[in-house]
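Some notes on the structure that comes next.
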Amino acid sequence: MRSFPRLAEAVFGAAGPARYEIRFELDEQGQAVARGRVSMVLLMTCQRCLGEFEVPVDAPIALGLVHLRGAPDRLGLAQVEGLAGDLEPLPLGDDEPVRVLDWVEDELLLALPQVPMHPAGHCMAEVAPAASEMAAERPRNPFAALAALQARQPGPEADEH
Ligand SMILES: [Zn+2]
């Protein structure tokens, strides 16, 4: 996580290292493109029960490298219009070093759930409401439930044989 200071602030921790692959290519329009994927298993705090849980993140990377020539304020819609629909514009300055790990971190941050919560059925906070639902739904025939219970637990006379 030392490589991802912003991510470290947003999550509880990581259950493993980030795996990513990025390849650079020129598309049909001659646009420099960086494509790949990033995946990582992060630990987040559930907003319902405040327990930790694993959040597997798997996000595509699709960046159109937009070269900025001196004037950052000129980066308007016109300049990114030419990008293919799925590409996110990535403005690059003349002197800026290319920091691939920053892009990876950006994609991980974007892929995080807005409100982290356990998947349905796994949250500790769900236990209480589920129990009260059970109580409300009593079996229609209490004797049927009793018979089922007796069938599972043989009485003491069964041990005498
Ligand atoms: Zn939870």
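The values are calculated or read from the model by the stated rules, or taken from the named source; none is laboratory data. Computed from a prediction, not measured in an experiment: that's the story for all the values here. Here the Cβ positions follow ideal geometry from the backbone for every residue, glycine too, while neighbour counts run over all protein chains shown.
Candidates in segment 109-126 are the residues that are within 18 Å of Glu9 (Cα to Cα) and more than 7 Å from the ligand (Cβ to nearest atom); of these, the one that is surrounded by the fewest Cβ atoms within 10 Å (Cβ to Cβ) is Gln114.
Filtering Gly16, Gly36, Gly93, Gly51 for residues that are modelled with pLDDT of 90 or more and in contact with a His (Cβ under 9 Å, 6 or more places away or on another chain) leaves a single hit, Gly51.
Which of the residues belonging to segment 18-59 are farther than 26 Å from Leu87 by Cα and either more than 16 Å from the ligand (Cβ to nearest atom) or assigned to a loop (DSSP other than H, G, I, E, B) (or both)? Answer for segment 18-59, where residues must be farther than 26 Å from Leu87 by Cα and either more than 16 Å from the ligand (Cβ to nearest atom) or assigned to a loop (DSSP other than H, G, I, E, B) (or both): Cys46, Gln47, Arg48, Cys49, Leu50, Gly51. Could you go through segment 74-84 and let me know if any residue there is out of contact with any Asp or Glu (no Cβ under 6 Å at 6 or more places or on another chain) and at pLDDT 85 or above. Taking every residue of segment 74-84 in turn, none turns out to be out of contact with any Asp or Glu (no Cβ under 6 Å at 6 or more places or on another chain) and at pLDDT 85 or above. The number of residues in segment 13-42 being loosely packed, with under 15 Cβ neighbours inside 10 Å and more than 18 Å from Asp106 (Cβ to Cβ) comes to 9.
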